[in-house]
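The values are calculated or read from the model by the stated rules, or taken from the named source; none is laboratory data. Computed from a predicted model, the values in this text were never measured in an experiment. Quick reminder, even Gly has a Cβ in these numbers, built from the backbone with ideal geometry, and neighbours come from all protein chains shown.
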Amino acid sequence: MPFWFAAWLALALPLAAQAFGFDDVATRARELAAVAYRAPAATLPPELRDLDYDAHRDIRFRPEQALWRAEKLPFELMFFHLGRNFQDPVRINTVDGNSVKRVEFDAAMFDYGNNKFDPTKLRNLGFAGFRVHFPVNKPGYKDEVLVFLGASYFRAVGKGQHYGLSARGLAVDTAAAQGEEFPRFSEFWIERPQPGATALTIFALLDSPRMSGAYRFVLTPGADTVMQVTARVYPREAIARLGIAPLNSMYAFGENQPGHDDYRPEVHDSDGLSVATAEGDWLWRPLLNPKRLLVTSFAAVNPKGFGLMQRDRAPTSYEDPEALYERRPSAWVEPVGNWGAGRVELVQIPTPDETNDNIVAYWVPDVAPAAKQAFDFAYRLHWSTLGTTPPSKGYVVQTRRGRGYVKQADGDINFVVDFDGPALRLLKPDTKLEAAVEVGSNAQLKEQNLFRNQVSGAWRMTVRIKRADASKPVELRAQIKQPTQGSITEIWSYIVPPEADKP
């Protein structure tokens with residue numbers, strides 16, 4: 001073979017066979033950021049736009065129409081119909097090598113139930129989103145393991161889990177006075193899986209008035225479902241409060257907010273925020289349903305991770321066999337590479353019931369990305385049952401608040417906190433431990449105790465404080481220490497929110 005031909009072939013073949021990939025989506029995102037934002041056109045027919053909840057729910061995808069079912073591939077795709085709260089269509093494509101093909105809407109994919117629509121108004125309608133199916137609970141049945149639906153929201157489950165909290169592509173000005181901006185995934189490209197594949201690759205294009213971005217998700221379902229997320233975002237203008245890897249959850253009430261007129265002891269998708277720092281500290285902040293907006297944060301440099309956890313797995317804690325809160329997954333964000341300096345921000349919003357997500361957690365970098373410039377980040381997102389806990393330390397398993405044996409309210413606030421875990425179980429029975437408790441300037445520590453709970457085997461810490469000003473919050477921090485070794489548990493970090501409703 002002549003040298004010139006071999007050289008030409010080496011250059012030409014990669015170009016001819018080059019598959020669609022992340023850089024292609026990033027190019028589109030960069031081009032979007034260079035021009036003014038164009039909102040999606042409102043083209044949904046009124047009869048779909050004005051559907052009530054039950055009518056929209058009556059529209060169901062026909063499972064036999066699932067993409068890749070006929071080919072008996074390990075993954076299958078099913079699609080969501082537009083209507084009611086989902087009015088902006090997303091474009092969905094499949095990728096097979098260097099071939100990109102759009103998935104066209106077809107009304108025959110759906111069972112419309114009792115709805116009666118003019119078929120001519122359903123042509124070229126598009127989809128609201130999609131879901132991915134893969135067998136995680138038993139062979140031969142493909143479970144629903146991932147959903148992309150609405151704005152940039154997505155959620156996933158692993159073996160034995162039940163849908164709960166959600167993730168988002170990006171959070172922009174969450175809880176800001178001027179209102180939050182919700183970027184949306186406007187187009188997806190999904191790689192056709194090979195026979196026997198255990199992972200699925202999804203690309204997404206994000207767009208909003210001030211942001212555009214490219215995303216790659218590599219989904220690996222299993223006992224714990226893991227998503228490798230790679231993103232490159234382009235701000236159309238500078239944004240000071242950009243939330244990376246946001247998680248959304250719900251906390252209505254629980255053991256640290258007793259007294260609700262509900263037969264269920266607890267109602268929540270997550271019960272705490274966990275943060276692991278580069279220095280080896282682990283922090284646990286129990287969630288609240290505050291009387292007014294409550295925003296707190298933990299500063300860190302190159303954090304090891306953070307997440308919204310559901311640690312209480314006892315069905316008797318919820319008594320809700322339909323909602324199955326004990327099966328809601330925990331979600332853990334594991335940064336890939338150095339994220340630099342910033343903070344994990346926790347937003348807690350008042351909610352009257354469990355129908356609204358009122359908890360948001362995300363990473364805010366100290367140095368905001370510049371306008372028109374690429375900003376890259378990557379992380380692994382773990383959806384798990386056990387959740388992520390300190391590997392060599394004890395951790396909080398419950399936080400309770402109440403008066404206990406005091407018959408009349410005396411203004412004190414009492415807490416009972418249980419620490420458990422393999423590291424504590426391995427301690428000798430005569431091990432000497434102490435609770436290190438800190439209270440802020442707005443409270444006085446009246447009493448503290450630490451002892452082993454002979455019934456559960458956990459270590460129980462009790463704390464009683466007197467708050468000085470009820471219109472201001474109180475921050476508490478506590479951990480268990482061994483005199484010769486220092487801290488042997490994560491840090492319990494609790495916020496007592498203001499009682500007054502005024503700012």
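For a quick check of your reading: which strands (runs of 3 or more DSSP E) sit entirely within the range 442-498 and have at least 2 residues that are surrounded by 21 or more Cβ atoms within 10 Å (Cβ to Cβ) and not acidic (Asp, Glu)?
459-467, 474-482, 491-496
If I go through the range 24-49 residue by residue, how many of them are assigned to a helix (DSSP H, G or I) and either touching a Lys or Arg at 6+ places or on another chain (Cβ under 9 Å) or farther than 20 Å from Ala370 by Cα (or both)? Steps first, answer last, please.
Residues of the range 24-49 that are assigned to a helix (DSSP H, G or I), as a first pass: 24-33, 46-49.
Within this subset, residues satisfying the condition of being either touching a Lys or Arg at 6+ places or on another chain (Cβ under 9 Å) or farther than 20 Å from Ala370 by Cα (or both) are 24-26, 29-30, 32-33, 46-49.
Count: 11.
Just checking, which of Glu319, Glu334 is closer than 23 Å to Ser487 by Cβ and not aliphatic (A, V, I, L, M)?
Details: Glu319 fails: closer than 23 Å to Ser487 by Cβ.
Sole residue among the options that is closer than 23 Å to Ser487 by Cβ and not aliphatic (A, V, I, L, M): Glu334.
Would you mention how many residues in the range 291-311 are buried (at least 22 other Cβ atoms within 10 Å of the Cβ) and more than 14 Å from Val364 (Cβ to Cβ)?
Count: 4.
Identify all residues within the range 441-479 that are within 30 Å of the chain's Cα centre (by Cα) and of a type in the set (Gly, Ala, Ser); write none if there are none.
Within the range 441-479, Ala458, Ala478 meet the criteria.
Quick one: which strands (runs of 3 or more DSSP E) sit completely within the range 82-146 and have at least 1 residues that are small (Gly, Ala, Ser) and under 30 Å from the mean Cα position of the chain (by Cα)?
129-134
Tell me the residue from Gly196, Gly222, Gly179 that is farther than 18 Å from Ser330 by Cα, surrounded by fewer than 23 Cβ atoms within 10 Å (Cβ to Cβ) and either touching a Lys or Arg at 6+ places or on another chain (Cβ under 7 Å) or modelled with pLDDT under 95 (or both), please.
Gly179
On the given criteria, is Val437 surrounded by 14 or more Cβ atoms within 10 Å (Cβ to Cβ) and in the same structural domain as Phe253 (by TED's automatic domain parsing)?
no
Among the residues of the range 1-54, which ones are aromatic (Phe, Trp, Tyr), farther than 30 Å from Asp96 by Cβ and modelled with pLDDT under 90?
Of everything in the range 1-54, those that are aromatic (Phe, Trp, Tyr), farther than 30 Å from Asp96 by Cβ and modelled with pLDDT under 90 turn out to be Phe3, Trp4.
Does Ala276 count as in the same structural domain as Asp143 (by TED's automatic domain parsing), more than 26 Å from Pro183 (Cα to Cα), under 21 Å from the mean Cα position of the chain (by Cα) and small (Gly, Ala, Ser)?
For Ala276, the condition - in the same structural domain as Asp143 (by TED's automatic domain parsing), more than 26 Å from Pro183 (Cα to Cα), under 21 Å from the mean Cα position of the chain (by Cα) and small (Gly, Ala, Ser) - is met.
Taking strands (runs of 3 or more DSSP E) that fall entirely within the range 205-324, which contain at least 3 residues that are over 21 Å from Pro391 (Cβ atoms)?
211-220, 225-235, 242-249, 251-253, 294-301
For a quick check of your reading of the model, give me the residue pairs whose first member lies in the range 280-304 and is farther than 23 Å from Pro497 by Cβ and among the acidic types (Asp, Glu), whose second is at pLDDT 95 or above and outside any strand (DSSP E or B), with beta-carbon atoms closer than 9 Å and at least 6 apart or on different chains.
Asp281/Glu490
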